[in-house]
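This report refers to the structure that appears directly beneath it.
Read the figures in this text as sums done on the coordinates, not as results from a lab. Bear in mind the structure is a predicted one, so any value in this text is a computation, not a measurement. In this analysis, Cβ positions are derived from the backbone assuming ideal geometry, glycine residues included, and neighbour counts consider all displayed protein chains.
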Amino acid sequence: MTQRSIRNALAPGQALSWYKVERILGEGSFGITYLARDANLGRLVAIKEFLPAQFAERAEDDSVRPISEEHEEPFRWGLERFINEAQTLAHFQHPTIVHVYAVFEANGTAYMVMQYEEGRTLQSVLNRHKTLDEAELIALLGPLLDGLEVVHRSGFVHRDIKPDNIILREDGSPVLIDFGSARQSLEQRTQPLTILISPGYTPLEQYSSNPDAQGPWTDIYSLAATLYRCVTGRTPANAIERSDSVRRKNRDSLTPAVEAAKGDYPEPVLAAIDHGLAFSSGERPHSIVEWRDEFGVFGISGKAPPEWRPAWADTKPPADSPDEPPADDGVPTEPSAIHLSKAFGTFNTLRMDTEPATRADNLRAGLQAGAAIIVAIVLGVGLTWMYQGALRTPPAGESGTRQGPSSAAPADGLQPTAEIRRGEEPLSAERLMVLAEEAMSDLRLTIPPGDNAAYYYRRVLDLDPSNARARQGLRDIAREYALLAEEQITASDYAAARGYVERGLEVLPENEQLLRLRADLEALVAAEAEATEAQGEGGDSADGFGEALKNLFSGPRNGENPPPDPR
């Protein structure tokens, strides 16, 4: 990373009080993190600068200022929260919690000085080894539970636990970094339609702008999701997809850990993970103390023997290994910041700040930065209504696959991908077809990344480009999205319908049924707008709009039979 490649970043050598910036460690939605040297104590520290790109910019004198007058109030409010959070974190004296040394104001903003944790993220370890064995899992879990218990006793919630935010030191001990409370609070205050998510690790209540719905049970879900990734090698289905599956098929799309990892870990451990991943927050454990007992593997402290060392602790990837992400700098990555536009069915990404390294569980090159866009929340909807499965969930342009280079695309638009998950034994086409059909049954059409029907069908096509079943499978995915879109049109939810159409076209860009639906939707929306205008002029608003709707579902065209109802 070149040192001025990040917009607004301070240059190496810049002085901050008695700290000297050495290099940039990373950038997120709400600031930039630097590696710096403490001139007084002669040690390296990590310094996070509050610089929310939505509201502020760097001036020529290196000060930070709001972009405009209208951004002044949210910037000042967020700055206060940033300082308050640093002061709170400084009180946590626990080896599992990143240590905050100081916070100070300068350059019109604030800086949080933290212990510089050298090591690797849990995500990078999982990328290389796929799963942890039982001893590694328990040694990781005990300290994390102890640390979170300290945090929760103080009335604090992390809000962004995931493998990327757990640093593993050289001795294998974990440290939890990048608390997301201030970041989410600012988003909830300033962007009602913006939600910070980490796909697969964010529980349903966190998609709401109501912070009162969140608590220790929120972190328990995220940690349980992290453990699920550790024991199964897969990121769990995201909460919105689970909600949609419950609503449409009356069953959860998440395969329980007790089934997915049966026989590899103690059953109480897997059952505790599943309990922490309960869809409804009311069904989860509400405290770490309660949850810890369910694992059935801990003594009083839950810590591993001091002489124990994980097998991967001394294992470092080759310096130039093309299959391993760049070495971790002990710096958190930000979750995706997703903006849900008020425009017709348009979903825009404000920032995509996850690290660009190739990962087994994130979207690959060809999508911006690698975080999945998987959220569409209806404003003003209560959590109770969401739990009942009434939430409409239009997709937001995410696809669990990428199309690899091809010298000549097949005539039907189906292209195989060269994507192979790291650390995974080669699978036969037959096994991949079984996984694809299981994903289709669970409605995991294009998400979660690396564990969806489109992904597996494309893997089959990598091995056998002419495989008719895989090609038909991709057509079935497109047809399913067409059916979903038609359901939403019938319900007059045109934005949701547009979302489903666009997602289907990401799978098969030349699919005629989806292209017709896109054109029909455009005509329908235009007719509705004309009808509204006519009504304002005293005309009959129903005729044009009703005729457009009638034409849209007037039956099969060009001899094509209507697609069957999936239920």
**Asked** Arranged by the count of other C-beta atoms within 10 angstrom, fewest first, what order do 487, 49 take?
**Response** 487, 49
**Message:** On the principal axes of its Cα set, how long, how wide and how thick is segment 15-115? Give whole Å, largest value first.
**Reply:** 41, 27, 20
**Prompt:** Can you sort 292, 229 by how many other beta carbons sit within 10 Å, fewest first?
**Reply:** 292, 229
**Item:** Cβ-based exposure ranking for 507, 246, in which fewest neighbours within 10 Å come first
**Value:** 246, 507
